[in-house]
Amino acid sequence: MSATDISATKTGRIFNFSAGPSTLPIEVLEQAQRDLLNYDGSGMSVMEMSHRSAPFESIINRAEADLRALLAIPDDYSVLFLQGGASLQFSMIAMNFLAEGQEAGYIVTGAWGEKALESAQLEGSAKEVHSQKEGGYKKAPSWAEIPDCRGLAYVHCTSNETIQGVEFSSDPSPLGAPIICDMSSDILSRPVHVSAYDLIYAGAQKNMGPAGLVVVIAKKSFLAGAKSGLGPMLDYKVQDKNKSLYNTPPCWSIYVTGLVFQHLLSTGGISGAEARNRAKAKVIYDAIDQSDGFFKGHAEVGSRSLMNITFTLPSDELTSQFIKACDQTQLDGLKGHRSVGGCRASVYNAFPREGCDRLAELMADFRKSH
Ligand SMILES: *Cc1c(COP(=O)(O)O)cnc(C)c1O
């Protein structure tokens, strides 16, 4: 029995394919449990502690340092721990970086990119510079297909579209305008060059930690050009100047996210995670490709996500039978998003390989018996 199987039997935990909030490393949950009543001899829980106390200051500083180490974040980038999820970033980005008389460009490869664009349009002038909507959001374009974006305030992309399961396979090449990327569902899953972006943001609850926290990594010179005069919570410059402590931050989420960073560092860093993620996704994509068309992948092969694997069955009836069979074998959360239908297996960093093997076996068995 592997370590995961042992802990699964001990705790009654099941394989959780949820798209988010999603599974966390068992070691992190156990550490949080050990620290719950008395964090590091402080005599209190992180949930009960002042965000201006020495123990919390060291928690947030270490989380930042570990994230910088994991992603090799250059010194001329700030790291912010904010609230409001990725969805508030949709608005904040336009509020801060889209001035009167300017226009922003959006590369839309799925549902989240659409939402980001709609939010920006409430704040100013924003347009699609590339959309995969007509093709049904099945692929990410090559960067060479994106038109020249010179003159735009910024261009926004979504590295992994969580609902459609479509992922860019490389960092953008220069597009002529500052590049902003929503990495909510694939941050820390594979190496990226932070310097290819002017601002990266990611909600914590897919690959990093509990909901309630959004991480922003931004080039200082880009932040310096943000508008002034916004409400302080919405102003990146205020948040940066106050090192994410303008008000009470989501302390518990930052603490658990910090534990996830430590866990990643001790298990081979991002390249270790990438190797595990490639192997995990391959097991399930192979099960799709070897099913003689019974299971069909939603995304085109070159744009397949390593994090969210979307596929359909020949009918809605078979889909619901399959999901029932998954539930019966403790494979949970496989129902696809209502807009795409079918199934979605979300296999973020912390999702164990055993769960992918179990799903692939069930797929093969189900096909034979149906
Ligand atoms: C989940 C998700 C969001 C929304 O995140 P919230 O934190 O719920 O606002 C945005 N973008 C992507 C790519 C996501 O996966």
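Just to be sure, is Ser339 surrounded by fewer than 23 Cβ atoms within 10 Å (Cβ to Cβ), closer than 16 Å to Val166 by Cα and hydroxyl-bearing (Ser, Thr, Tyr)? The answer is yes for Ser339.
Leu223 meets all of the listed conditions (1) without any contact (Cβ under 8 Å) to a residue 60 or more places away in the chain; (2) outside any loop (DSSP other than H, G, I, E, B); (3) surrounded by 18 or more Cβ atoms within 10 Å (Cβ to Cβ); (4) away from the ligand (no atom under 16 Å from the Cβ) but one, namely (1).
Screening Thr257 on (1) in the same structural domain as Gly341 (by TED's automatic domain parsing); (2) in contact (Cβ under 8 Å) with a residue 60 or more places away in the chain shows it passes everything except condition (1).
From the list Leu122, Leu117, the lone residue that is over 21 Å from the mean Cα position of the chain (by Cα), within 16 Å of the ligand (Cβ to nearest atom) and not aromatic (Phe, Trp, Tyr) is Leu122. Annotation note: of Ser315, Ser339, Ser346, the sole residue that is in contact (Cβ under 8 Å) with a residue 24 or more places away in the chain, of a type in the set (S, T, N, Q), farther than 16 Å from Ser22 by Cβ and not assigned by TED's automatic domain parsing to the domain that holds Arg190 is Ser339. Scanning region 136-171 for residues that are touching a Phe, Trp or Tyr at 6+ places or on another chain (Cβ under 8 Å), part of a loop (DSSP other than H, G, I, E, B) and either more than 13 Å from the ligand (Cβ to nearest atom) or free of Cβ contacts under 8 Å to residues at least 24 places away in the same chain (or both) yields a count of 4. Scanning region 226-258 for residues that are in a loop (DSSP other than H, G, I, E, B), polar (S, T, N, Q) and within 29 Å of Pro21 (Cα to Cα) returns Asn242, Ser244, Asn247, Thr248.
Residues of region 112-156 that are among the hydrophobic types (A, V, I, L, M, F, W, C), closer than 23 Å to Gly225 by Cα and surrounded by fewer than 12 Cβ atoms within 10 Å (Cβ to Cβ): Leu122 alone.
Taking residues in region 101-123 that are under 25 Å from Pro174 (Cβ atoms), and partners anywhere that are buried (at least 21 other Cβ atoms within 10 Å of the Cβ) and among the acidic types (Asp, Glu), the pairs with Cβ atoms closer than 7 Å and at least 6 places apart or on different chains are Thr109/Glu161; Gly110/Glu161; Trp112/Glu161; Trp112/Asp182; Gly113/Glu161; Ala116/Asp182.
Taken over region 293-309, the criterion of being assigned to a loop (DSSP other than H, G, I, E, B) and touching a residue at least 24 places away in the same chain (Cβ under 8 Å) is satisfied by Phe294, Phe295, His298, Ala299, Glu300, Ser305, Leu306, Met307.
Residues in region 184-219 that are surrounded by fewer than 24 Cβ atoms within 10 Å (Cβ to Cβ) and within 12 Å of the ligand (Cβ to nearest atom): Pro210, Ala211, Gly212. Could you please find all residues in region 306-359 being closer than 27 Å to Thr11 by Cα and of a type in the set (Phe, Trp, Tyr)? Answer for region 306-359, where residues must be closer than 27 Å to Thr11 by Cα and of a type in the set (Phe, Trp, Tyr): Phe322, Tyr348, Phe351. Only one entry in Ala111, Ala120, Ala116, Ala99 is in the same structural domain as Gly225 (by TED's automatic domain parsing) and touching a Leu at 6+ places or on another chain (Cβ under 7 Å), namely Ala120. Name the residue, out of Leu264, Leu259, Leu245, that is modelled with pLDDT of 95 or more, more than 19 Å from the chain's Cα centre (by Cα) and of a type in the set (A, V, I, L, M). Answer to the check: Leu245.
Rundown of residues vs (1) surrounded by fewer than 21 Cβ atoms within 10 Å (Cβ to Cβ); (2) within 16 Å of the ligand (Cβ to nearest atom); (3) at pLDDT below 95; (4) among the polar types (S, T, N, Q), yes/no style:
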| site | (1), (2), (3), (4) |
| --- | --- |
| Glu48 | yes, no, no, no |
| Ala54 | yes, no, no, no |
| Glu57 | yes, no, no, no |
| Asp66 | yes, no, no, no |
| Pro74 | yes, no, no, no |
| Ser78 | no, no, no, yes |
| Leu82 | no, yes, no, no |
| Ser87 | yes, yes, no, yes |
| Thr109 | no, yes, no, yes |
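The values are calculated or read from the model by the stated rules, or taken from the named source; none is laboratory data. For clarity, every value in this text was computed on a predicted model and none was experimentally measured. Cβ sites come from the backbone with ideal geometry, for glycine too, and all protein chains shown count toward neighbours.
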